[in-house]
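Just below is one structure, and these are the notes that go with it.
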Amino acid sequence: LNKVAGKVFRIGHLGWLNEVMVLGSLAAAELALLDCGVDLAPGSGVAAAIEHFRRTAEMPVAEAA
């Protein structure tokens, strides 16, 4: 991360995680950024992640038949 120091941050986890856990982490990051005065639309990162998850989700077995 040295090349992007001061421009990004890392969200680490200790093993398995799912989409809902990622969304919770993104919501917390958005809230912290908003509290620090960063100009962003509340929910924009979470909304983008939801759209990505829905677009890239594998089709459930019941729908594939």
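The values are calculated or read from the model by the stated rules, or taken from the named source; none is laboratory data. Keep in mind the model is a prediction, meaning the values are calculated, not measured. All Cβ positions, glycine included, derive from the backbone under ideal geometry; neighbour counts span all protein chains shown. Areas reflect the complete protein model, heavy atoms only, side chains present, ligands, DNA and RNA absent. Shrake-Rupley method; radii C 1.70, N 1.55, O 1.52, S 1.80 Å.
Figure legend: label point modelled 7 angstrom from the Cα of residue 17 along Cα→Cβ; residues of the stretch 26-43 with amide N under 13 Å from it are 26-30. A 1.4 Å probe run over the protein chains yields, for the chain, 87 Å² of accessible area per residue, whole-number rounding. Using a probe radius of 1.4 angstrom, the carbon and sulfur fraction of the accessible surface of the chain is 62%.
When its C-alpha radius of gyration is set against 2.2 N^0.38 Å (N residues), the stretch 1-49 gives a value of 1.25. Applied to the stretch 11-22, the Karplus parametrisation 6.51 cos²θ - 1.76 cosθ + 1.60 on θ = phi - 60° returns per-residue 3J(HN,Hα) values of 9, x, 9, 10, x, 5, 8, 10, 4, 5, 5, 5 Hz, with x for Gly and Pro.
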